[in-house]
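The values are calculated or read from the model by the stated rules, or taken from the named source; none is laboratory data. Keep in mind that this is a model prediction, so the values were computed, not measured. With ideal geometry, Cβ positions are generated from the backbone for all residues, glycine too; neighbour counts draw on all protein chains shown.
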Amino acid sequence: MRGRLVTLAAVPLILLVAVTPLVARKKPQNEESSWNIRITPDSKAAGEGEKVINDTLILQQGFLRSKVSTDEHAFGTGPYTLKGREITAQIKSNYEGKIDWSCLWTGDTIAGRMVWTRRDGTVLTYTFSGTRAPVEKVKKKR
C-alpha cells in the first residue's frame, strides 16, 4: 500500500518536470535596447533647413539617449516614463533647449514624435520610426 502511494505521488511530479519546458513561454521583450531610427522633420522644420537623419535611440535602465542629440547638440540622457507600451521623456541641454520624446514600441519596432524647443523659443517637430538594433556578439580572443 505504501509503495502504491509513493508511486501515485511521484507521477504528478514526473509529469510536471517533463511538461514544464514544453509550455514555458519566452520571456517577453522589454523596451530596453538600442533602436535604429530615422528622424524626419515636419514641413516647418524642413523649411528651417532640418534634414532627415538616421540615429540610434538608446533606452537603458530607465534612461533615454539619442546618439545624434548627445554627440552634436550637447543633450545628455534623461529618465523616461513607461506606461504600457508608451514611452515619454524630456531631455534638456544648457545650450540647445529641450527635446520632448513620445513613442510607442511593439516587439521590434518603435515609432513616435520628437519636439525640439530651442532656447530662443523656436519649436521644431519631427516624427521617427525604426527597429530594434541587432545585438552585437562579443568576439572571443584567441
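Details
- Of all the numbered requirements in (1) out of contact with any Ser or Thr (no Cβ under 7 Å at 6 or more places or on another chain); (2) among the charged types (D, E, K, R); (3) modelled with pLDDT of 95 or more; (4) outside any loop (DSSP other than H, G, I, E, B), D55 misses one, and that requirement is (1).
- Any hit, region 18-36, residues being in a helix (DSSP H, G or I), in contact with a strand residue (DSSP E or B) (Cβ under 9 Å, 6 or more places away or on another chain) and either at pLDDT 95 or above or not aliphatic (A, V, I, L, M) (or both): no
- A residue that is surrounded by 14 or more Cβ atoms within 10 Å (Cβ to Cβ) and aliphatic (A, V, I, L, M) can be found somewhere in region 60-72.
- Residue check for W101: touching a Gly at 6+ places or on another chain (Cβ under 7 Å) and closer than 17 Å to G49 by Cα: no
- Selected residue [surrounded by fewer than 17 Cβ atoms within 10 Å (Cβ to Cβ) and not basic (K, R)] from I53, I110: I53
- Residues of region 58-79 satisfying the condition of being in a helix (DSSP H, G or I) and either under 22 Å from D108 (Cα atoms) or modelled with pLDDT of 95 or more (or both): K67, V68
- The single residue among D100, D120 that is of a type in the set (D, E), surrounded by 13 or more Cβ atoms within 10 Å (Cβ to Cβ) and without any contact (Cβ under 8 Å) to a residue 24 or more places away in the chain turns out to be D100.
- Here V115 meets each of (1) among the aliphatic types (A, V, I, L, M); (2) within 16 Å of Q29 (Cβ to Cβ); (3) at pLDDT 95 or above with one exception, condition (2).
- The set of residues in region 93-103 being of a type in the set (D, E, K, R) and at pLDDT below 95 consists of E96 alone.
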